[in-house]
1. Using θ = phi - 60° and the Karplus form 6.51 cos²θ - 1.76 cosθ + 1.60, what ³J(HN,Hα) does each residue of the stretch 219-230 get, whole Hz, x for Gly and Pro?
2. Taking the Cα-to-Cβ direction at Thr127 and at Asp109 and moving 7 Å from each Cα, how far apart do the two end points lie in nm?
3. At a 10 Å Cβ-Cβ cut-off, how would you order Ser217, Ser25, Ser77, fewest neighbours first?
4. Arranged by the count of other C-beta atoms within 10 angstrom, fewest first, what order do His162, His193, His48 take?
5. For Arg111, which sequence-distant residues (separation of 5 or more, or a different chain) have an amide H within less than 5 Å of its own amide H, given hydrogens modelled in the peptide plane?
6. Using the charge dipole of the chain (Lys, Arg: +1 at Cβ; Asp, Glu: -1 at Cβ; taken about the Cα centre), state which of Leu35, Ser121, Thr16 has its Cα farthest towards the positive end.
7. Nearest 20 debye, what's the magnitude of the dipole of the chain about its Cα centre given +1 on Lys and Arg Cβ and -1 on Asp and Glu Cβ?
8. Only counting other Cβ atoms within 10 Å, I'd like His240, His69 sorted with the fewest neighbours first.
Amino acid sequence: MPDPPLERFFNQLAPTYDLLYPDWSAAVAQQGRALDAYVRAALGDRPHTLLDCACGIGTQAIGLAAAGHAVTGTDLSPVAAARAAHEAAARGLRLPVAAADMRRLPFPDARFDAVVCADNSLALLTTPEDVRAALGSMRRVLRPGGLLLLGMRAYEEARREHPEVLPPRVARTPDGGRAVTLQLWEWHDDGEHYDFDLIQLLPRGGTWEVRSRRATSWALTREQVTAFGTAAGFERLVWHEPAADGYFQPLLTARC
């Protein structure tokens with residue numbers, strides 16, 4: 001089972017997750033358009049049945065639902081999943097959600113036309129056994145010929161340079177204030193795993209409220225992810241770069 005602190009991390013982050021983006025609503029629309037284009041190109045220009053197995057607060061799922069697809073969202077965090085459903089409803093969209101572990105998805109075999117796993121979620125699984133279990137679970141719930149869309153951070157440079165801090169991001173709060181998000185990374189001795197402190201500075205009455213949360217990630221290279229995907233039985237694995245497709249991270253597409 002996932003480490004309970006990871007669930008707690010995302011439960012606590014869910015209310016301010018949108019502030020990770022300078023403009024979350026714009027990101028929802030843009031990412032939805034980019035992913036929808038891949039789904040329709042691969043599976044046909046019509047609505048499809050999709051699972052977002054790490055839906056968070058709905059960053060990808062809401063945009064895909066707006067594009068006409070029948071989307072189900074699951075997430076390790078019940079708080080995040082509930083917010084995703086609420087955000088979808090506020091936009092006049094239906095998004096059924098559930099709290100679920102991506103390594104043991106609670107659906108019958110061959111249930112979905114496509115599975116989305118985005119926002120670097122796979123990197124939060126820090127052992128080969130967990131990654132294999134998650135990819136096997138995603139493949140199991142895909143119909144024959146179905147599509148996997150896996151969004152990952154480009155870790156190759158980070159594995160070489162081992163940065164200790166990511167550039168801060170500034171977002172506007174609903175009342176017009178500014179919120180700042182940054183990450184501090186502490187690398188493990190193996191050079192592949194790192195602990196990260198996600199720090200948010202939130203404006204509060206002329207001063208700042210500091211919220212800090214820690215989790216661990218595995219800086220998986222695209223070569224490693226491709227090898228795991230191939231071992232899980234996926235075929236036609238192709239990486240798409242952000243400059244080429246408009247999606248904000250490298251995106252792996254693969255077929256079942």
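Coordinate-derived values only; no laboratory data. Since the model is a prediction, treat every value here as computed from it, not as a measurement. Reconstructed Cβ throughout: ideal geometry from the backbone, glycine too, with neighbour counts over all protein chains shown.
1. Each residue of the stretch 219-230 in turn: 7, 6, 6, 4, 4, 5, 5, 4, 5, 4, x, 5 Hz.
2. 2.6
3. The order, fewest Cβ neighbours first, is Ser25, Ser217, Ser77.
4. Details: His162 13, His193 17, His48 22.
Sorted ascending by nearby Cβ count, the order is His162, His193, His48.
5. When sequence neighbours closer than 5 places are left aside, the close amide H contacts are Leu142, Arg143.
6. Leu35
7. On the way: 27 positive and 31 negative charges, 176 e Å.
About 840 debye.
8. Numbers: His240 18, His69 23.
Listing His240, His69 from fewest to most nearby Cβ atoms yields His240, His69.
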